[in-house]
Amino acid sequence: MAAFVIRRLIASFFVLLAATFLMYNLVALSGDPLEDLRASNAPNKQQLIDSRTDLLNLDVIAPLRYFLWLGALIQGDFGVTTQGRSVNALLEQALGSTLQLVTIATVVAIILGLIVGITTALRQYSGYDYTVTFISFLFFSLPIFWVAVLLKQFVAIGFNDFLEDDPQLSLAFIAIFSLLAGLLWSSIIPGSTKRKAVTFMIAVGATASMLTIMNLVDWFSVPGLTIIGVAIIGLGSAVGFTALITGLKNRRALYAALTVAGLGLALYFPFQFGISFYITEWWMLAALALATIGVGLGVGWLMGGADKGPVMRVAAFTGFITAGAIALDRFMMVWDDYATSGLIRGRPIATIGSSTPNLEGSLWVEGVDIYTHLLLPTMALILISFATYTRYSRASLLEVMNQDYIRTARAKGLAERTVVVRHAFRNALIPIATIVAFDIGGIVGGAVITERVFGWTGMGALFQNGLDNTDPNPVMAFFLVVGGLAILFNLIADLVYAALDPRIRVN
Amino acid sequence: MSNLSTPPPVPPPTGGVTDAENNLENKEVEGLSQSQIVRRRFFRHKGAVASMVSLAFIVVLAFSAVGFDFAVFGVQIKTPGWWQWTWTEIPTAQSGGRPTLSLVPQWMGGDGVRFGDHPFGQDEIGRDIFAVVMRGTQQSIVIMVVVGLIATTIGTVIGAVAGYYRGWVDAILMRFTDVIITIPLIVIGAVLGLAFGNLGAFVLAIIIGLFTWTGLARLVRADVLSLREREFVDAARVAGATDRRIIFKHILPNAIGVIIVNTTLLMAAAILLETALSFLGYGVQSPDTSLGKIISENQSAFATRPWLFWWPGVFIIAIALCINFIGDGLRDAFDPRQKRIPNARALAKAAAARDNSAAVQA
């Protein structure tokens, strides 16, 4: 294994070296960094040209200049722009901004894609399956810049208009949305025609009454979950995770999950009106999330009995979701203050930029501001990458479900839940894990267009501005990060595959 | 294995229904050549057939309406079109440039079915958007075809040579592929588009094609690696066939499924790449136009002239969607494991027939 990793690392290093060499010369070919100076009629034109030539070593031909660039790079210096600014500082700022943009989108797209892909595979050839297949083909074919403009027009401007004067959902909207929810649930949940009809009625009723309640309490102006919402989410996830991971017959798991959800509910008021005021940094929130998972694992361990593993997992997931719901509620509490503040003026969904300038407030207000700015670009990115994950996870699970060991598992009398979750799902994840690893390597470079449309100054802007101003060093810095990540994650994908699948031997 | 997996409750004495059921697929393709089977399966995929018809319609419409005008290495090819405007003409603006296309008949309360002078509307200075969109569609189709041809040729040859010769040839070619794969397409496209974009769609397509073959090369190599170990390759070698003949006549025809399916996916990706590049300003340059460029130029006018935005987008999606569906149909057609799944009613009928025949025999 070690020999394989070292061999691959060396090969990757040379591949990256060759790719940067190629790229450096192509960038040099694409334009002359002195063009704007040559065209200018400043009195000290020759002096400016000389100083920039000196700054960027333009008197050396491109293939040799590459080695000067490489030499500086080895010492950790990405060079300077044509204006003499350090690329290192630009890169640092751009990378942070882009990571903020793409991380949530990627995580959500993977989770959604997996869920939809798995459900379509389990309901193969149903109406739901055909609809999702068509929709994912449609998403495959969508140009992201077109989607982005549509989102700006309809989601941002439309939703802001909706929020501006007394937001109430219309009756027609409630009816259509409820019907769609009914159709969705009745096609996902299996059973006879009669059972499907019952599912349909329940889903329609639940959705319609929820939307009506939201209308009555003026939810869109003053959103919030309150302790009732948190209780529903917490207890629901306790039951849901138990049913999914161990089955409801495992009483230990159910009680452990309910205990954790109850703990969360008991902490609701102390947190919302006490502890949360002392949380001023993001790492504190992250630490709390970790602590919640720890508590969940602990409760699972104490109550787990003989088979602790699954019980601990159930309790930890439940704890995480309950704590997440409480944090979400805390964010929602500041929504009204945020939306009606002088900087926002009742039009909260932003179409451009990554934060509201001059906005000052607690961590919670900051969080809401990030949310309103991330919403549109994240939706655009999710729409595009969600289709791929859906198709892959569907194909992967179908492939596994046709294997002989699945038939064996069924033949020995296991419940369908156990067959799917324990035997099929885990094996279906192996190829998906490699695709995810590969994709994460590509996301930093993949958001160039999204960043442009939504006015983010991230890696895409670094690349584009560099290219437009025929400024080679920022372009190369962008490429080095993107190419390096792609190679690194390609290697990780191979290793993950070898580690997960015992049939693969790396030597 | 197969009789372990489906043990018949009552073994049918002579052939029986169960056997016929298992061989449903085999019976259907009895006496047909491989290409006939593929064709048959493809035409069974309704989405793919509908997409093929729509794509053909779009191609004919785009190339006949405004005529084509492409410069290939200095040779100008130009034909007239039947539409009254061209994409460079600037007629006077009528009724605020609103589209004159109407598909709602008068008896349904609409304006009646008519095409009008400017079916897709006009932009601020009066250009006819139908002509512009048709020109953009042409560009997309040309780029799609040229990229498909170039990338498929390069990818197939590199993949086949690497897989067939193995050893150091394989190592060098695959490391070269790794180098190219490392560079994101949008990056290479932007850098090269900036340098060559003003030379027209054709040159841009060649450039894109030179960098999009990598995925195909890897797939073909993997396929060839396994195919070269088969007996028919040994047979050809014993018969004295040259390496070139073995690769092109014996191995590659067996890898045609992988090649065709991935070519279609690559073509759909090429369309989206070109529109994205043109949107960023690195693709097709003025005075020529492309679908991505139209959207880029008019995105701020969405509130006042939404048709400038809808029509090019609809054509991009229509072409890409058609290609993707055709690819899906081809994948199904070439997949040897693919089986036709009978629906629940057919299965129930078969089960009833089996019970009946068992009862008769008892």
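The values are calculated or read from the model by the stated rules, or taken from the named source; none is laboratory data. The shown structure was predicted, so the numbers you read here are calculated from the model rather than taken from an experiment. Don't worry about glycine lacking a Cβ; one is built from the backbone with ideal geometry, like all the others, and counts go over all protein chains shown. To get the accessible areas, we keep the full protein, side chains included, count just its heavy atoms, and leave off ligands, DNA and RNA. Shrake-Rupley method; radii C 1.70, N 1.55, O 1.52, S 1.80 Å.
With respect to A:Ala433, determine if the residue is in contact with a Phe, Trp or Tyr (Cβ under 9 Å, 6 or more places away or on another chain) and within 14 Å of chain B (Cβ to nearest Cβ).
When the stated conditions are applied, A:Ala433 does not pass them.
Quick test for you: out of A:Phe145, A:Phe139, A:Phe162, pick the one residue that is modelled with pLDDT of 85 or more and either polar (S, T, N, Q) or open to solvent by 30 Å² or more (accessible area, probe 1.4 Å) (or both).
Working: A:Phe145 fails: either polar (S, T, N, Q) or open to solvent by 30 Å² or more (accessible area, probe 1.4 Å) (or both); A:Phe162 fails: modelled with pLDDT of 85 or more.
Answer to the selection: A:Phe139.
If you scan segment A:437-466, which residues turn out to be open to solvent by 30 Å² or more (accessible area, probe 1.4 Å) and closer than 30 Å to A:Ala395 by Cβ? Step through it out loud before you land on a result.
Initial filter on segment A:437-466 (open to solvent by 30 Å² or more (accessible area, probe 1.4 Å)): A:438-440, A:442-443, A:446, A:452, A:455, A:457, A:465.
A:Phe438, A:Asp439, A:Ile440, A:Gly442, A:Ile443, A:Gly446 - these are the residues of segment A:437-466 that are open to solvent by 30 Å² or more (accessible area, probe 1.4 Å) and closer than 30 Å to A:Ala395 by Cβ.
Under 6 Å between Cβ atoms, at least 6 apart or on separate chains: pull out the pairs that start in segment A:5-21 with a residue that is of a type in the set (D, E, K, R) and end on any residue that is assigned to a helix (DSSP H, G or I) and modelled with pLDDT under 90.
The qualifying pairs are A:Arg8/A:Leu491.
Could you list, in sequence order, the residues of segment A:201-251 that are within 26 Å of the chain's Cα centre (by Cα) and not aliphatic (A, V, I, L, M)?
Those that are within 26 Å of the chain's Cα centre (by Cα) and not aliphatic (A, V, I, L, M): A:Phe220, A:Pro223, A:Gly224, A:Gly229, A:Gly234, A:Gly236, A:Ser237, A:Gly240, A:Phe241, A:Thr242.
What pairs come up if the first residue lies in segment A:473-484 and is free of Cβ contacts under 8 Å to residues at least 24 places away in the same chain, the second is among the hydrophobic types (A, V, I, L, M, F, W, C) and surrounded by fewer than 24 Cβ atoms within 10 Å (Cβ to Cβ), and their beta carbons are under 6 Å apart, counting only those six or more places apart or on different chains?
Close Cβ pairs (under 6 Å, with a partner that is among the hydrophobic types (A, V, I, L, M, F, W, C) and surrounded by fewer than 24 Cβ atoms within 10 Å (Cβ to Cβ)) do not exist here.
Could you tell me how many of the residues in segment A:221-237 are in a helix (DSSP H, G or I), in contact (Cβ under 8 Å) with a residue 12 or more places away in the chain and not aliphatic (A, V, I, L, M)?
Let us first name the residues in segment A:221-237 that are in a helix (DSSP H, G or I), namely A:226-237.
Of the ones still in play, those that are also in contact (Cβ under 8 Å) with a residue 12 or more places away in the chain are A:226-227, A:229-231, A:233-235, A:237.
Then drop every residue that is not not aliphatic (A, V, I, L, M), which leaves A:226, A:229, A:234, A:237.
Selection size over segment A:221-237: 4.
Looking at (1) in a helix (DSSP H, G or I); (2) free of Cβ contacts under 8 Å to residues at least 40 places away in the same chain; (3) of a type outside the set (D, E, K, R); (4) touching a helix residue (DSSP H, G or I) at 6+ places or on another chain (Cβ under 9 Å), can you tell me which one A:Gly84 breaks?
Here A:Gly84 meets the rest and fails (1).
Can you name every residue in segment B:315-327 that is over 16 Å from B:Gly292 (Cα atoms) and more than 7 Å from every other protein chain (Cβ to nearest Cβ)?
Result: B:Cys322, B:Ile323, B:Ile326, B:Gly327.
I'm trying to understand the selection: among the residues of segment B:163-187, which are crowded, with 17+ Cβ neighbours inside 10 Å, within 20 Å of A:Phe489 (Cα to Cα) and either more than 10 Å from every other protein chain (Cβ to nearest Cβ) or free of Cβ contacts under 8 Å to residues at least 60 places away in the same chain (or both)?
Listed by number, the residues that qualify are B:Met174, B:Thr177, B:Asp178, B:Val179, B:Ile180, B:Ile181, B:Thr182, B:Ile183, B:Pro184, B:Val187.
What pairs can you find where one residue is in segment B:314-333 and open to solvent by less than 10 Å² (accessible area, probe 1.4 Å), the other is not in a helix (DSSP H, G or I), and their Cβ atoms are less than 6 Å apart, with a gap of 6+ or different chains?
Pairs that qualify, where the first residue is open to solvent by less than 10 Å² (accessible area, probe 1.4 Å) and the partner is not in a helix (DSSP H, G or I), are B:Ile316/A:Pro143; B:Ala320/A:Ser141; B:Gly329/B:His45.
Within segment A:12-47, restricting attention to residues that are over 36 Å from the mean Cα position of the chain (by Cα) and among the polar types (S, T, N, Q), which residue is least open to solvent (accessible area, probe 1.4 Å)?
So the residue we want is A:Ser40.
Would you confirm whether any residue within segment A:32-40 is in contact with a helix residue (DSSP H, G or I) (Cβ under 7 Å, 6 or more places away or on another chain), in contact (Cβ under 8 Å) with a residue 60 or more places away in the chain and not aromatic (Phe, Trp, Tyr)?
Within segment A:32-40, one or more residues are in contact with a helix residue (DSSP H, G or I) (Cβ under 7 Å, 6 or more places away or on another chain), in contact (Cβ under 8 Å) with a residue 60 or more places away in the chain and not aromatic (Phe, Trp, Tyr).
Which of (1) part of a helix (DSSP H, G or I); (2) of a type in the set (Ser, Thr, Tyr); (3) over 20 Å from A:Pro502 (Cβ atoms); (4) open to solvent by 60 Å² or more (accessible area, probe 1.4 Å) does A:Thr408 not meet, given it meets every other one?
Looking at each condition in turn, A:Thr408 falls short on (3).
Quick check, is B:Thr264 closer than 30 Å to B:Phe334 by Cα, crowded, with 20+ Cβ neighbours inside 10 Å and of a type outside the set (A, V, I, L, M)?
Numbers: closer than 30 Å to B:Phe334 by Cα: yes; crowded, with 20+ Cβ neighbours inside 10 Å: yes; of a type outside the set (A, V, I, L, M): yes.
The answer is yes for B:Thr264.
Among residues belonging to segment A:238-260 that are touching a residue at least 12 places away in the same chain (Cβ under 8 Å) and not in a helix (DSSP H, G or I), point out the one that is nearest to A:Leu302 (Cα to Cα). Walk me through it before giving the result.
In the first step, residues of segment A:238-260 are kept if they are touching a residue at least 12 places away in the same chain (Cβ under 8 Å); the result is A:238-239, A:241-247, A:250, A:252-260.
Retained after the next criterion (residues that are not in a helix (DSSP H, G or I)): A:246-247, A:250.
On the way: A:Thr246: 17, A:Gly247: 19, A:Asn250: 15 Å.
Checked segment A:238-260; the qualifying residue nearest to A:Leu302 (Cα to Cα) is A:Asn250.
Looking at the structure I just gave you, is B:Arg245 under 26 Å from the mean Cα position of the chain (by Cα), of a type in the set (D, E, K, R) and part of a helix (DSSP H, G or I)?
Details: under 26 Å from the mean Cα position of the chain (by Cα): no; of a type in the set (D, E, K, R): yes; part of a helix (DSSP H, G or I): yes.
Considered against the rule, which asks whether it is under 26 Å from the mean Cα position of the chain (by Cα), of a type in the set (D, E, K, R) and part of a helix (DSSP H, G or I), B:Arg245 comes out as no.
Which ones in segment A:449-507 are of a type in the set (D, E, K, R) and within 22 Å of the chain's Cα centre (by Cα)?
Filtering segment A:449-507 for residues of a type in the set (D, E, K, R) gives A:451-452, A:468, A:471, A:494, A:501, A:503, A:505.
Residues satisfying the conditions are A:Glu451, A:Arg452.
Restrict the check to segment A:152-159 and report whether at least one residue is open to solvent by less than 70 Å² (accessible area, probe 1.4 Å), within 11 Å of chain B (Cβ to nearest Cβ) and among the charged types (D, E, K, R).
Yes - at least one qualifying residue is present in segment A:152-159.
Consider A:Ala380 carefully, then state whether it is open to solvent by less than 50 Å² (accessible area, probe 1.4 Å) and not β-branched (Val, Ile, Thr). It would help to see each step written out before you state the result.
Numbers: open to solvent by less than 50 Å² (accessible area, probe 1.4 Å): yes; not β-branched (Val, Ile, Thr): yes.
In short, yes.
Scan segment A:49-60 and give yes if some residue there is among the acidic types (Asp, Glu), part of a helix (DSSP H, G or I) and at pLDDT below 85, otherwise no.
Our first condition is that a residue be among the acidic types (Asp, Glu); within segment A:49-60, this holds for A:50, A:54, A:59.
Restricting the remaining residues to those that are part of a helix (DSSP H, G or I) gives A:50, A:54.
When the remaining residues are screened for being at pLDDT below 85, the result is A:50, A:54.
Scanning segment A:49-60, I find at least one residue that is among the acidic types (Asp, Glu), part of a helix (DSSP H, G or I) and at pLDDT below 85, so the answer is yes.
Take the conditions more than 9 Å from chain B (Cβ to nearest Cβ) and β-branched (Val, Ile, Thr) and apply them to A:Ile135. Does it pass?
On the way: more than 9 Å from chain B (Cβ to nearest Cβ): yes; β-branched (Val, Ile, Thr): yes.
In short, yes.
For segment A:467-480, which residues satisfy the criterion of being surrounded by 20 or more Cβ atoms within 10 Å (Cβ to Cβ) and either hydrophobic (A, V, I, L, M, F, W, C) or within 11 Å of chain B (Cβ to nearest Cβ) (or both)?
First, pick out the residues of segment A:467-480 that are surrounded by 20 or more Cβ atoms within 10 Å (Cβ to Cβ): A:467, A:471-479.
Hits for segment A:467-480 are A:Leu467, A:Pro472, A:Val475, A:Met476, A:Ala477, A:Phe478, A:Phe479.
Check segment B:222-237 and report whether any residue there is at the interface with another protein chain (Cβ under 10 Å from one of its Cβ atoms), open to solvent by 10 Å² or more (accessible area, probe 1.4 Å) and in a helix (DSSP H, G or I).
Looking for residues that are at the interface with another protein chain (Cβ under 10 Å from one of its Cβ atoms), open to solvent by 10 Å² or more (accessible area, probe 1.4 Å) and in a helix (DSSP H, G or I), one finds none in segment B:222-237, hence no.
With respect to A:Gln83, is the statement that it is out of contact with any Asp or Glu (no Cβ under 6 Å at 6 or more places or on another chain), of a type in the set (S, T, N, Q) and either within 13 Å of A:Asn473 (Cα to Cα) or open to solvent by less than 40 Å² (accessible area, probe 1.4 Å) (or both) true? Full working, then the answer.
Numbers: out of contact with any Asp or Glu (no Cβ under 6 Å at 6 or more places or on another chain): yes; of a type in the set (S, T, N, Q): yes; either within 13 Å of A:Asn473 (Cα to Cα) or open to solvent by less than 40 Å² (accessible area, probe 1.4 Å) (or both): yes.
Considered against the rule, which asks whether it is out of contact with any Asp or Glu (no Cβ under 6 Å at 6 or more places or on another chain), of a type in the set (S, T, N, Q) and either within 13 Å of A:Asn473 (Cα to Cα) or open to solvent by less than 40 Å² (accessible area, probe 1.4 Å) (or both), A:Gln83 comes out as yes.
I want to confirm something. Restricting to segment A:265-283 and keeping residues that are closer than 15 Å to A:Gly361 by Cβ and within 27 Å of the chain's Cα centre (by Cα), which single residue is surrounded by the most Cβ atoms within 10 Å (Cβ to Cβ)?
Among those residues, the one meeting the criterion is A:Ser276.
Exactly one of these conditions fails for B:Ala190: (1) more than 25 Å from the chain's Cα centre (by Cα); (2) within 12 Å of another protein chain (Cβ to nearest Cβ); (3) closer than 30 Å to B:Gln76 by Cβ; (4) aliphatic (A, V, I, L, M). Give me its number.
Exception for B:Ala190: condition (1).
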